[in-house]
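As structure tokens, the structure follows; a few thoughts come after it.
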Amino acid sequence: MSFYNLNHIRELEAESIFVIREVAAQFENPALLFSGGKDSIVMTHLAVKSFYPAKIPFPLLHIDTGHNFPETLKFRDSLIERIGARLIVGSVQESIDKGRAVEEIGHNASRNAIQTITLLDTIEQYGFDAAIGGGRRDEEKARAKERFFSHRDSFGQWDPKNQRPELWKLFNGRKAQGEHFRVFPLSNWTEMDIWQYVLLEQIKMPSLYFSHSRECVKRSGVLLAKSDYISLMDGEKWEKMQVRFRTIGDMSCTGATISDASTIEQIIEEVAASRYTERGTRADDKRSETSMEDRKREGYF
Amino acid sequence: MKENAYLNMELLRFTTAGSVDDGKSTLIGRLLYDSKSIFEDQMESVKKSSLNRGYDKINLALLTDGLRAERDQGITIDVAYRYFATPKRKFIIADTPGHFQYTRNMVTGASSANLAIILIDSRKGMVEQTKRHIFLASLLGIPHLVICINKMDLVDFSQDIFEKIKREVQVFSSKLNIQDMQFIPISALHGDNVVDNSDNMPWYKGTTLMYLLETIHIGSDLNLVDSRFPVQYVIRPQSEKYQDYRGYSGSIAGGIFRAGDKVMVLPSKQITQIKAIDTPIGSTKEAYTPMSVTLRLEDELDVSRGDMIVRENNIPEISQEIDVMICWMSNDYMKPNGRYILKHTTREAKCIIKEIYYKIDINTLRRIEDFESIGANDISKVCLKITQPIFFDKYRLNRITGSLILIDEATNNTVGAGMIL
């Protein structure tokens, strides 16, 4: 490698910072979607760098399903305090109480789908014109065709067949009244890049990502953690296992993986050797072949 | 440590082009499969879908065709991005569909690529589509072109056929501006010369495709000579601790900047010095393209988004009237004398299409001067008149300061991609 050559992690970092600054420059009222997962933690880290020594010039927005891991909320609050950012919480419980959303019923009930309603309502309530998300193109096949600047109509919907072409470093954020954008600065990162960057930058991560002992139940190939939101079906029982989470979402649909990885280095080795994608542990993606696209069209993250 | 090796890799962005049935999906599938980038759950899901659709073998295109419409119609609609890594490099593939909105998609995929792989079916040789692919790759200034002559197994691994196609392509390309072009005979299906050297073609002394992708020198692809810094965003903390801090952030679009450099700010042409360079890992003495940095200047000047900081003795061209090669991306025709919004680096201005010189027949490369209209996927040379000056380099010297897009004022859609001549 020659002297004036960035390595791949620093090149991705430079690209993401450019995109985040472009959001601040092109939009009047953006927000950063914070889920408490590794991608949104890395994105917050990049946002801090993008505007240093000034503070992030927009709030973080958390859509709280009410089914979060307690570790996620604790981590979120301490991160917000450390970086001095503003936090806005959109509550799925409130959407249900107000009759905006109807809770799913049944054994595999999840608030994953209805959080889209809360997200779109919160975007409208605060008048956000851009929402920065942590989506990566390597995660899922519908996301492989997503733009950095993704246009949403006034219903918050995505039209995958009719996306604006995106060339060079020229991002077109122009929109009509009432429309908004989703922006994905981490588009070109892979799961491996995320962990390498976490290692390189020594970014603090929630304990859920590291190996720990937890009671789980195996359902349709997914290991679900014990919580108030999951009831056992006939023949199922809680078992204590040594697990970690590869992705963190709602407790009702995020699956754990058996793992002994307790350091970032060990996680990197595990990811390198893994034969399954990280979303292989997500029950929400297993509903149909195009479930991600269908949810994204409606305005999902 | 194993992790450190991972951390010190270069990133190569490449695009793939081929006509229908040239084996592009098979080749991408092979690169991903052989580099262990296809996961078992993805493979299972592709196997299941292939079976459901009644295909008699696994259709690797299903790995990338993610949208419902694509799966329903069995065609690829949009550019798909794929990722894989070997111990030497990390790769981003912009996989563009063979037919649908071909030019628009290839131009999109090519705009950020270091390298293009163009597939030719050895039984068919160079077809019109091949010419189009090579022309677009040269127009978009992709530094490296790799022509893969595929399905060599179906022509008995014949050296004569390989050499004949190679000559045809070379003759055609001699009229184009191409920096680096290489030829590899392969069989994507059986893996010959993809990752491993082929025993079937002992006459071929070159490298495998994977070796080429892993080792091709990309360090000189970026312009490190002409220093260009389009100001993206002004950072003013307005906090007690950083009361006087005023930083100009952006991505270095060309060259190198050093603390202490005498620089000029455009359009005001005021001269000052770089006081400090702040990067994501702290202050440094020098920074280069494509780093995202924040420059602090010695003097308090009026600098804002859309301005450009350059070296005092190396300034870009400044003009309100430019000749541009435009790829049209909209289903609405280009309006002669029409008004559009122009986006160039971090600058936005209004412009009109002052003159359309000609349209290019991308199959014959001939100029069409008596054209009726400029529509989707057409490439034409036009003159733009802009309401304010822009600071640019010719596209062939710098792909960032030499590129622009046109936006329709009414729909806000991106309708044109331009390369400044």
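FYI, it's all coordinate maths here, none of it is from the lab. The structure presented is a predicted model; accordingly, all values stated were derived computationally and were not measured. Virtual Cβ from ideal backbone geometry, glycine too; neighbours counted across all protein chains shown.
Some points to look at:
- Among B:Leu365, B:Leu222, B:Leu213, residue whose mean-square fluctuation peaks in a GNM of chain B (springs only between Cα atoms under 10 Å): B:Leu365
- Ascending count of other beta-carbon atoms within 10 Å, so fewest first, for B:Glu240, A:Glu140, B:Glu409: B:Glu240, B:Glu409, A:Glu140
- Relative contact order of segment B:228-311, taken over Cα pairs closer than 8 Å and 6 or more residues apart, is 37 percent.
- Residue-averaged beta-carbon neighbours from other chains (10 angstrom radius) around A:51-63: 3
- Tilt relative to chain B, helix B:24-34 - C-alpha long axis, 0 to 90 degrees, to 10: 90
- Local electrostatic count at A:Val42 - Lys and Arg +1, Asp and Glu -1, tallied over other residues with Cβ under 12 Å: -1
- Computed from Cα positions, the angle between helix B:40-52 and the longest principal axis of chain B comes to roughly 60 degrees.
- Size check on chain B: the Cα extents along the three principal axes, sorted descending, read 70, 64, 42 Å.
- Net charge contributed by nearby residues that have their C-beta within less than 13 Å of B:Glu321 (K/R +1, D/E -1): -1
- Note that segment A:228-242 has calculated 3J(HN,Hα) couplings of 5, 9, 10, 10, 6, 9, 3, x, 8, 8, 6, 10, 7, 9, 8 Hz, one per residue in order, obtained from phi through the Karplus relation 6.51 cos²θ - 1.76 cosθ + 1.60 (θ = phi - 60°); glycine and proline are x.
- FRET E, pair B:Ala259, B:Ser319, Förster distance 25 Å, beta-carbon r, rounded to 0.05: 0.20
- Mean per-residue shielding of peptide A:12-23 is 5, counting Cβ atoms of other chains within 10 Å of each Cβ.
- About its Cα centre, the protein assembly as shown has a charge dipole of approximately 680 debye under the convention of +1 per Lys or Arg Cβ and -1 per Asp or Glu Cβ, with nothing else charged.
- Environment charge of B:Thr387, counting only residues whose C-beta is closer than 15 Å and scoring Lys/Arg +1, Asp/Glu -1: +3
- For segment A:68-79, 3J(HN,Hα) per residue [Karplus equation, 6.51 cos²θ - 1.76 cosθ + 1.60, θ = phi - 60°, Hz, x = Gly/Pro]: 6, 5, x, 4, 5, 5, 5, 4, 4, 5, 6, 5
- Chain B: most fluctuating residue of B:Tyr81, B:Tyr242, B:Tyr211 per GNM, C-alpha cutoff 10 Å: B:Tyr242
- For the listed peptides A:95-104, A:115-124, a ranking on the average number of other beta carbons within 10 Å per residue, highest first, reads A:115-124, A:95-104.
- Residue pairs, from the table A:Lys169/B:Lys175; B:Lys354/B:Lys381; A:Lys141/B:Lys36; B:Lys90/B:Lys285, whose Cα atoms sit over 20 Å apart: A:Lys169/B:Lys175; B:Lys90/B:Lys285
- Prolate/oblate/rounded label for segment B:294-347 (Cα gyration tensor, a/c 1.5): prolate
- Where labels lie 7 Å past Cα in the beta-carbon direction, separation of B:Arg236 and B:Lys269 in nm: 2.7
- In sequence order, segment A:195-208 has phi-based couplings of 5, 5, 5, 4, 5, 4, 9, 6, 7, 5, 10, x, 4, 4 Hz under the Karplus curve 6.51 cos²θ - 1.76 cosθ + 1.60, θ = phi - 60°, and Gly or Pro positions carry x.
- Listing B:Ser304, B:Ser173, A:Ser150 from fewest to most neighbouring C-beta atoms within 10 Å gives B:Ser304, B:Ser173, A:Ser150.
- Cα gyration tensor shape for the protein assembly as shown, rounded if a/c is under 1.5, else prolate or oblate: oblate
- Residues of segment B:123-142 with amide N under 18 Å of the 7 Å Cα→Cβ point at B:Val171: B:123-132, B:134-135
- Reachable lysines, given that their alpha-carbon falls under 21 Å from the alpha-carbon of B:Lys241 and they are not under 8 places away in the same chain: A:Lys49, A:Lys55, B:Lys275
- Selection among A:Ala85, B:Leu11, A:Ser35 by position relative to the dipole of the protein assembly as shown gives B:Leu11 as farthest towards the positive end (Cβ unit charges, Cα centre).
- 5 angstrom amide H check on A:Leu61, placed H, neighbours 5+ away: A:Leu32, A:Leu33, A:Phe34, A:Ile88
- Dimensions in Å of segment B:317-420 - Rg and Dmax from alpha carbons: 12.9, 36
- Choice from B:Ile281, B:Ile400, B:Ile360 showing the highest fluctuation, given a GNM over chain B with Cα pairs closer than 10 Å: B:Ile281
- Bins of 10 Å from zero: percent of alpha-carbon pairs in segment B:228-311: 19, 59, 21, 1
- Under 5 Å between amide hydrogens, built in the peptide plane, is the criterion, and for B:Tyr358 it picks out B:Lys381 among residues at least 5 positions away or on other chains.
- Among A:Glu179, B:Glu10, sorting on how many other beta-carbon atoms sit within 10 Å of each Cβ, with the fewest leading, yields A:Glu179, B:Glu10.
- Histogram of C-alpha separations across chain A, 10 Å bin width, %: 6, 27, 37, 23, 6, 1, 0
- Cα gyration tensor category, rounded, prolate or oblate, for segment A:1-139 with a/c compared to 1.5: prolate
- Taken residue by residue and averaged, Cβ atoms of other chains lying within 10 Å of the Cβ of B:226-238 number 3.
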